[in-house]
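Below is one structure, written out as structure tokens, with a few remarks after it.
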Amino acid sequence: MPSALPPESRTADTEVSTIQARGAAPSWVRRHALLLAALVTAALVVVSLFVGVYDLSSEGGGEMFLITRVPRTLALVLAGSAMAVSGLVMQRLTQNRFVEPTTSGTTEWAMLGLLLVVILWPQASLTVQMIASSLTAFLGTLVFMAILRRIQVRTTLVVPVVGMMLGAVVSAFTTMIAFQTNYLQMLGTWFMGSFTSVVRGQYEVLWLVAAVMLMVMLMADRLTVVGLGRDVATTVGVNYERVLFAGTALVALATGVTTVVVGFLPFVGLVVPNMVSILRGDDLRATTPWVALGGIALVTACDIVGRLIRWPFEVPVAMVLGVVGAVVFIALVLKGARRD
């Protein structure tokens, strides 16, 4: 009798079984693996607090610590976990492992909304910018989903290619508007995602993504079922369209908020969910905490590298993430090609 699971799920389950069968780690490590991962991530967060040019031992160091270092590190935690979990949800909704906000055009749509509100309402607050960015991200993701429904051949690589092409068109349109309105430099800053400008009073809207992750946890079982396809979801009594709509809205909100505060963070939602899936399987409820921790660890580690590699200057975290993500993306594509 053929399995109801999609081929990618069966492959991941097989890999997990293989890893478990090898007994690669002692039993106590497997039992407390999540705790160990949390401790490693916490260590990176602590290191991030004490990396920077400003001498904290000098006069006013304590105040600078609270104004810049703590907000920046909290932004790393919230943005990293939000983009990683958003990628996980997008992959379930599209049933494709190469889809995430930056390969589906969602981030480019968010930037278009942000640019429009800056042009039309220069005095708009961060909250208004966040709402505009999230709405356009939601609209753009719906467009991407509608295009996917009309594509007959939805192979592993065709879906993200469609998303990247759509994102390129939106990005070109956004660049043209920015050029015509003299906002090109600001747009370039958004594309070079960075935590340099994050200080107290400018990152607090990011706490909304914590609510998004809580909602994802509450909807985990439904999202897992929707990831198995419309027929399976309908058979077990899950409203496919409603869950798809809700999941898309959560991803758009997380992407919009993150874009307003720190800009473009490429490949986080691609690298982390795929690595977690290989090691832990595809159960969304069980893997969401792993994905959140992985997103925090990846973004924090890349930000630390960006701060140290050209000391005392900084390399934007998006540049480091782009290099790491591109290498992992190519490795996953080559692995898929060998499997085929």
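The values are calculated or read from the model by the stated rules, or taken from the named source; none is laboratory data. If you're wondering where the values come from, they're calculated on a predicted model, not measured in any experiment. Neighbour counts are summed over all protein chains in view; Cβ atoms, including those assigned to glycine, are modelled from backbone coordinates with ideal geometry. Accessible surface areas use protein heavy atoms only, side chains included; no ligands, DNA or RNA. Shrake-Rupley method; radii C 1.70, N 1.55, O 1.52, S 1.80 Å.
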- line: Counting only residues that are open to solvent by 10 Å² or more (accessible area, probe 1.4 Å) and either touching a Gly at 6+ places or on another chain (Cβ under 8 Å) or hydrophobic (A, V, I, L, M, F, W, C) (or both), the range 64-77 contains a total of 9
statement: Picked from the range 92-150 (must be of a type in the set (Phe, Trp, Tyr) and crowded, with 16+ Cβ neighbours inside 10 Å), the residue nearest to residue 172 (Cα to Cα) is 109
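Could you list all residues from the range 278-332 that are of a type in the set (Phe, Trp, Tyr) and modelled with pLDDT under 85?
Answer for the range 278-332, where residues must be of a type in the set (Phe, Trp, Tyr) and modelled with pLDDT under 85: 311, 329.
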- prompt: For the range 263-309, what are the residues that are closer than 20 Å to residue 253 by Cβ and of a type in the set (Gly, Ala, Ser)?
  reply: 263, 269, 292, 295
statement: Given (1) over 27 Å from residue 129 (Cα atoms); (2) buried (at least 24 other Cβ atoms within 10 Å of the Cβ); (3) within 13 Å of the chain's Cα centre (by Cα), residue 288 misses just (2)
- line: By residue number, the members of the range 123-162 that are closer than 19 Å to residue 97 by Cβ, part of a helix (DSSP H, G or I), touching a residue at least 40 places away in the same chain (Cβ under 8 Å) and aliphatic (A, V, I, L, M) are 145, 148, 159
message: So in the range 199-209, with the set limited to residues that are open to solvent by 50 Å² or more (accessible area, probe 1.4 Å) and touching a helix residue (DSSP H, G or I) at 6+ places or on another chain (Cβ under 6 Å), which one is modelled with the lowest pLDDT?
response: 200
task: Select from the range 199-209 the residues that are more than 18 Å from the chain's Cα centre (by Cα) and outside any loop (DSSP other than H, G, I, E, B) and list them in ascending order.
output: 204
- prompt: Which one of the conditions (1) open to solvent by 30 Å² or more (accessible area, probe 1.4 Å); (2) of a type in the set (S, T, N, Q); (3) closer than 25 Å to residue 318 by Cα does residue 239 fail to meet, given that it meets all the rest?
  reply: (3)
- prompt: Can you find a residue in the range 210-226 that is in a loop (DSSP other than H, G, I, E, B), buried (at least 23 other Cβ atoms within 10 Å of the Cβ) and not small (Gly, Ala, Ser)?
  reply: no
Among (1) open to solvent by less than 70 Å² (accessible area, probe 1.4 Å); (2) modelled with pLDDT under 90, the one test that residue 166 misses: (2)
query: Among (1) open to solvent by less than 10 Å² (accessible area, probe 1.4 Å); (2) of a type in the set (Val, Ile, Thr); (3) over 18 Å from the mean Cα position of the chain (by Cα), which single condition is residue 232 missing?
result: (1)
query: Considering only residues of the range 173-198 that are open to solvent by less than 60 Å² (accessible area, probe 1.4 Å) and in a helix (DSSP H, G or I), which is nearest to residue 64 (Cα to Cα)?
result: 190
